[in-house]
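Trainee: Input: one structure, supplied below.
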Amino acid sequence: MGLVACKECRQPVSSKAHMCPHCGIMLRRQTSRVAAGCGCFAILVLGVPLIVALLSAFQSARRVAQPTSAQLDVVVDLKYRLIDQRSQRDNVMQLFAQSGPLPESDLREFCRDCKRTSNAGMFYYAVIFDDASNAAFPSDPFSAEFGLEESKLLHIRAIYVYNRINGFSELRYYDTNAWEGRATRIRI
């Protein structure tokens with residue numbers, strides 16, 4: 001162990017000192033193998049279970065079941081015909097067709113039933129088109145809905161969105177269609 005001059009006050013200080021006893025300036029960082037070992041151990045003890053929990057949550061969220069016969073009965077009772085369904089990650093989108101009138105009370109009831117029976121991990125979408133031949137999924141991922149896809153938006157009469165994570169639940173139905181019409185928004 002030798003003496004060196006402090007960089008700040010130029011007083012003699014031990015070469016192993018972490019701080020100058022005269023002026024208090026830090027001379028070098030204080031590290032030890034024990035401290036480093038404790039940090040690595042803490043990361044392993046806390047990090048590994050956290051990663052395992054996140055992976056298992058992700059895997060369970062990806063499993064989205066197909067609609068049950070009870071769910072399809074709800075659709076039949078309300079006269080909205082289920083055309084197709086698609087799952088993407090933990091989101092589910094169902095396409096329906098209805099060419100007749102869309103009474104607000106029927107739409108509300110339909111959305112409540114969709115919300116109650118939805119088994120989507122995160123987002124659930126129910127899109128009602130004017131005719132089964134016009135029903136089509138968006139080109140972009142579900143979370144972007146239909147963006148600016150005019151050919152599809154011209155035939156959409158209503159869109160119901162339910163976010164299972166935060167409880168957001170909204171129906172948008174249009175006086176003409178989603179491209180040209182004005183949306184009426186209702187929280188469900």
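We did not get these values from a lab; they are worked out from the coordinates using the rules stated. Remember, it's a predicted structure, so these values are computed and weren't measured experimentally. In this analysis, Cβ positions are derived from the backbone assuming ideal geometry, glycine residues included, and neighbour counts consider all displayed protein chains.
Trainee: Restrict the search to the range 129-188; then list the GluC sites (Glu not before Pro) that DSSP places in a loop and that have at most 13 other Cβ atoms within 10 Å of their Cβ.
Mentor: Loop-located and lightly packed - E180.
Trainee: For T117 and A144, calculate 0.36 nm times their separation in residues minus their Cα-Cα distance, and state this gained length in nm to one decimal.
Mentor: 7.4 nm
Trainee: Compute the distance in nm between two label points, each set 7 Å from the Cα along the Cα-to-Cβ direction, one at W179 and one at Q11.
Mentor: Here the answer is 8.2 nm between the modelled labels.
Trainee: Let me ask you something else. Evaluate the range 69-187: find the radius of gyration of its Cα atoms, find its Kirkwood radius, and give the ratio Rg to Rh.
Mentor: 0.92
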